[in-house]
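A short write-up of the structure that comes next.
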Amino acid sequence: MGIESIIILILVGAIAGWLAGQIVKGYGFGLVGNIAVGIIGAFIASWLLPRIGISIGSGIIAAIIHATIGAVILLALLKLVRRA
């Protein structure tokens, strides 16, 4: 993995984490936390979405949407766990 790929991964993670924090109100974790949530969300979405038959496409915008969906799922699960 080259330095460009790592930078793109971090940028996509940051954008996706920020968007997920905006969608799921009250669950922003700061810059580093949002990047982590976005990256973990991308892994969740890359595992879950193909299993349920959803294909978003390719490109940077699709990667951001993909990671955002996974990050929203992650934040919703964290919200449920914190309530319990």
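Within the stretch 8-30, being over 13 Å from the mean Cα position of the chain (by Cα), over 15 Å from Ala67 (Cα atoms) and either among the small types (Gly, Ala, Ser) or not in a loop (DSSP other than H, G, I, E, B) (or both) holds for Gly26, Gly30.
Does Ser55 satisfy the criteria of being farther than 23 Å from Leu80 by Cα and either hydroxyl-bearing (Ser, Thr, Tyr) or out of contact with any strand residue (DSSP E or B) (no Cβ under 6 Å at 6 or more places or on another chain) (or both)?
Values: farther than 23 Å from Leu80 by Cα: yes; either hydroxyl-bearing (Ser, Thr, Tyr) or out of contact with any strand residue (DSSP E or B) (no Cβ under 6 Å at 6 or more places or on another chain) (or both): yes.
Spelling it out, Ser55 is indeed farther than 23 Å from Leu80 by Cα and either hydroxyl-bearing (Ser, Thr, Tyr) or out of contact with any strand residue (DSSP E or B) (no Cβ under 6 Å at 6 or more places or on another chain) (or both).
Which of the residues belonging to the stretch 47-84 are assigned to a helix (DSSP H, G or I) and under 19 Å from Ile7 (Cα atoms)?
Within the stretch 47-84, the subset assigned to a helix (DSSP H, G or I) is 47-51, 60-83.
If the condition is that a residue be assigned to a helix (DSSP H, G or I) and under 19 Å from Ile7 (Cα atoms), then Ile60, Ile61, Ala62, Ala63, Ile64, Ile65, His66, Ala67, Thr68, Ala71 are the ones that fit.
None of the figures in this text is laboratory data; all of them are computed from the coordinates on show. Keep in mind the model is a prediction, meaning the values are calculated, not measured. Neighbour counts are summed over all protein chains in view; Cβ atoms, including those assigned to glycine, are modelled from backbone coordinates with ideal geometry.
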